[in-house]
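Trainee: To start, I am sharing the structure in question, which I have written as structure tokens.
Coordinate-derived values only; no laboratory data. What you are looking at is a predicted structure, and each value in this text was computed from that prediction instead of being measured. Positions of Cβ are backbone-derived with ideal geometry, glycine not excepted, and every protein chain shown enters the neighbour counts.
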Amino acid sequence: MSPGLSVFLENLRAAPRRAYEATFRSGPPTSDRTRSTFVFGNVFLHLHPVRTHRWSLRWSTTMGLGIITFAAFLITLVTGVLLMFYYKPYPDVAYDSIKDIHFVVPTGRFMRNIHRWAANVMVIAVLLHMARAFYTAAYRKPREFNWLIGMALLVVTLGLSFTGYLLPWDQLAYWAITIGANIAQSPREVTDALQITDRFDPGGLQKLLLLGSDQVGEEALIRFFLLHVMVLPLALVLLAAVHFWRIRKDGGLVRPANADERLGPAPLETYPVFTEAPHKTYQLAAIVKGKTAAVGRGPEGTVPSMPHLFYAEAGVAMLTVLVCLGLALFLDAPLKELANPGVPENPAKAPWYFLGLQELVAFSAFMGGIGIPGIVLLGLGLIPFLDREEAGTGEWFGGPGGLPLVLRSIVVGLGSAVLVDGIAIRYGWLREWFPKIPQLVVTLVNPGTVLTFIYAAYSIYLVKKYGSTRAGALGLFTCFLCGFALLTLVGSYFRGPNWSFYWSPADWPVH
Amino acid sequence: MTTAPEHGSPETPASALRSRLDPEPVPRRDFLGLAALWASASTVLFATLGIARLPKAAVLSSPSRKFKVTLPEALPAGEAFVPPGRSVALFKEAGEVWAVSTVCTHLGCIVKSSATGFDCPCHGSGFAKDGSVTRGPAPTALKWVKVSAAGGDVIVDEGESVPLGTKVSV
């Protein structure tokens, strides 16, 4: 055999092994060195640190909420692409294609159910994740920017949910688009009252951009489809990448200053902790603040991310998949009747996570739909810049007041929400009391704004009493969480036909 | 070896005294750089505005909402007649006809005619028969839309609103 041919054959035989080596350059992660290269040699994994602090791996630090959120997103991504094989974004045809997916397409119903449940899990997890970050004061320096990215991710997540339930073009979809577009138009509530709509009409512009027309129709559906399958997922992926990378750059997850003493030495069975003596100056020592690497234990009480962190993440992700699959097996995603532009459902209810908002817009479209959400987002965004304290960082309910303050705030938050909403339900509001009252007064003074004002006043009282911004923030955040929960409960359970109050859906009149 | 003129020697002009390492008194390069930067920035800005112009539809594809309808012979005074598939309530009284839009002024749901006026199923606004707000979050009264007589029938244009209280005799 000619030497050229034998070299060729040898190369052919080695091709699979060489392809493998070219893809995974560092080999199996068996030593400290290869465990490190396993992380930073991989574009996806290198968003993680090479070594993870043991505090970050405790269940009570994060409860895995961030990973649950991202895992749920990945599930919606996969199932969403599958649904796009059959979905047609055109009025009426859209409804038929969803019915096809539900009744005809192999595994279509299961995939749609998974998509729906993963989206719900994502909304719940992202809200709880934000609460976790807040209550452990994880937004503080140097994590302020990541808190803002997290807020943007919350908004994008809710946007994805909203644009998603519009696509089936059923009654829920049609009236949700109608209401959503009119909320976008609701600045007119103010510009009309000031009689400047002819010259300055941001509301009308927003509605036109959202619907692409003056009516809800094919233009609107294609826009929401575009947002749902392209613009928002892309935005979410980009923001999430920055969010994860920033965790690493901000020094890992937040932990108390004395985390190392509280953890003590790693249990003997922990493997690997730090198996090899460094051959040369430990690279991280140059960039990580603090003492240099101690022999026998990882720098700053850390363990290698591979396997400790990645196995934990994979476990949480698998649990999320399990929950979504379980829910999808037994509970079908809803599909109402075909959209009927002449007759809304009575009551016409949004999905559960928007019912608190629906309760608010039932007081004032502009304040409920744009004003108060805007104030809440502004407040959330300001928190890390107003609270420059250090006490309690990394501790659950850390800071002056602590858990007792949070418990008292729950009472205040729920109590005042029950009181204000109760007054509005039992006695009506300004319009019923003074029929001639100008609209601008109703817009400014309605149960939603009064509740916001009570919460703000309570928070300022706490700032004074404890001499601490963190105490005020703890109270305010807890109050808004309670207000959100209570309004959502009222909207989902206690509101019936014509959005009237009923103690139970069993009392609804037959119509 | 040629020697450079001594710095500060009396015969050298002042401008030649500066070393190449000293900052220029007039930051010429800064000026050019800044001009280039601002030119690029404003180009990007205007290009973005131009791109943003695309999603704002110039032509609205909505169909005409004008239709002809025959009112029922025995339509009692003060009772609303809603033509099927339309979002407008027609009233007839003493030889006069008028039309109240049933699109809620709050967030665009279709209100339902009741004994006292109209009720909105979405957020609980209530309206009197003439469209004025009686309760709930609706900021303004229901619109009145254009009606014109055509023989025994009436022509209604849902797309064109008229001042409240505009009635047409038939």
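Trainee: Ranking B:LYS143, A:LYS207, B:LYS66 by Cβ neighbours within 10 Å, fewest first, what do you get?
Mentor: B:LYS66, B:LYS143, A:LYS207
Trainee: Once the dipole of chain A is set up with Lys and Arg at +1 and Asp and Glu at -1 on Cβ about the Cα centre, which of A:TRP396, A:VAL190, A:LEU239 lies farthest towards its positive end?
Mentor: Towards the positive end, the residue furthest out is A:TRP396.
Trainee: For each of A:MET122, A:MET63, A:MET1, count neighbouring Cβ atoms within 10 Å of the residue's Cβ, then give the residues from fewest to most.
Mentor: Starting with the residue having the fewest Cβ neighbours, the order is A:MET1, A:MET63, A:MET122.
Trainee: Between beta-carbons, use under 12 Å as the cut-off and find the net charge around A:TYR86, counting Lys and Arg +1, Asp and Glu -1.
Mentor: +2
Trainee: Using per-residue counts of other Cβ atoms within 10 Å, averaged over each peptide, order B:35-43, A:232-240, A:215-223 from highest down.
Mentor: Packing proxy ranking, top to bottom: A:215-223, A:232-240, B:35-43.
Trainee: Please find the FRET efficiency linking A:VAL237 to A:ARG388, where r is the Cβ-Cβ separation and R0 is fixed at 35 Å, and quote it to the nearest 0.05.
Mentor: 0.60
Trainee: Quick check on chain A: take the gyration tensor over C-alpha atoms, sort the square-rooted eigenvalues as a ≥ b ≥ c, and tell me if it's rounded (a/c under 1.5), prolate or oblate.
Mentor: oblate
Trainee: Using only atoms on other chains, find how many Cβ atoms lie within 10 Å of each Cβ of peptide B:74-87 and report the average.
Mentor: What the average comes to for B:74-87 is 1.
Trainee: Would you work out if the range A:1-119 is rounded, prolate or oblate? Take a ≥ b ≥ c from the square roots of the eigenvalues of the alpha-carbon gyration tensor; rounded if a/c is under 1.5, else prolate when a/b is larger than b/c, oblate otherwise.
Mentor: oblate
Trainee: Lysines near B:LYS56 by alpha-carbon distance under 19 Å, same-chain residues fewer than 8 away left out - which ones?
Mentor: Answer for B:LYS56, where 19 Å is the Cα cut-off: A:LYS207, listed by chain and number.
Trainee: Let me ask another. Treating the angle as unsigned and between 0 and 90°, give the value, to the nearest 10°, between the Cα long axis of helix B:28-53 and the longest Cα principal axis of chain B.
Mentor: 20 degrees
Trainee: Give me the lysines in straight-line cross-link reach of A:LYS464: C-alpha distance below 26 Å, same-chain residues under 8 apart excluded.
Mentor: Output for A:LYS464: A:LYS141.
Trainee: Roughly how crowded by other chains is peptide A:442-449, in terms of the mean Cβ count from those chains within 10 Å of each of its Cβ atoms?
Mentor: Across the residues of A:442-449, the mean count of other-chain Cβ atoms within 10 Å is 1.
Trainee: I've got another one for you. For chain B, which span is the longest to avoid every loop-located (per DSSP) member of GluC sites (Glu not before Pro) having at most 14 other Cβ atoms inside 10 Å?
Mentor: Looking at chain B, B:74-170 is the longest stretch - no exposed GluC sites (Glu not before Pro) with at most 14 other Cβ atoms within 10 Å.
Trainee: Taking the Cα centre of the protein assembly as shown as origin and charging only Cβ (+1 Lys, Arg; -1 Asp, Glu), how large is the dipole, in debye to the nearest 20?
Mentor: Roughly 1520 debye for the protein assembly as shown.
Trainee: For peptide A:493-499, what's the mean number of Cβ atoms from other chains within 10 Å of each residue's Cβ?
Mentor: Neighbouring Cβ atoms belonging to other protein chains average 4 per residue here.
Trainee: Quick one: among B:SER132, B:SER61, B:SER148, which has the greatest mean-square fluctuation in a GNM of chain B with alpha-carbon springs under 10 angstrom?
Mentor: Maximum fluctuation in the GNM of chain B, among the listed residues, is at B:SER61.
Trainee: Can you count the Lys pairs in the range B:66-169 whose Cα atoms are under 20 Å apart, with each pair 8 or more apart or on different chains?
Mentor: Lysine pairs satisfying the spacing and distance rule in the range B:66-169 number 20.
Trainee: On a straight-distance basis, which lysines could pair with A:LYS99 in a cross-link, Cα separation under 25 angstrom, same-chain partners fewer than 8 positions away excluded?
Mentor: A:LYS88, A:LYS336, A:LYS349
Trainee: What order do you get for A:THR79, B:THR70, A:THR478 when you list them from fewest to most C-beta neighbours inside 10 Å?
Mentor: B:THR70, A:THR79, A:THR478
Trainee: Something else: Mind checking the dipole of the range A:92-147: about its Cα centre, +1 per Lys or Arg Cβ, -1 per Asp or Glu Cβ, Debye to the nearest 20?
Mentor: Computed about the Cα centre, the dipole is about 420 debye.
Trainee: Residues of the range A:99-143 with backbone nitrogen within less than 19 Å of a virtual label 7 Å along the Cα-to-Cβ line of A:ALA257, please, listed as ranges.
Mentor: Backbone N within reach: A:136-143.
Trainee: To continue, here is another question. Once the Cβ-Cβ distance between A:LEU128 and B:ALA149 is put in as r, and R0 is 60 Å, what FRET efficiency do you end up with, to the nearest 0.05?
Mentor: 0.45
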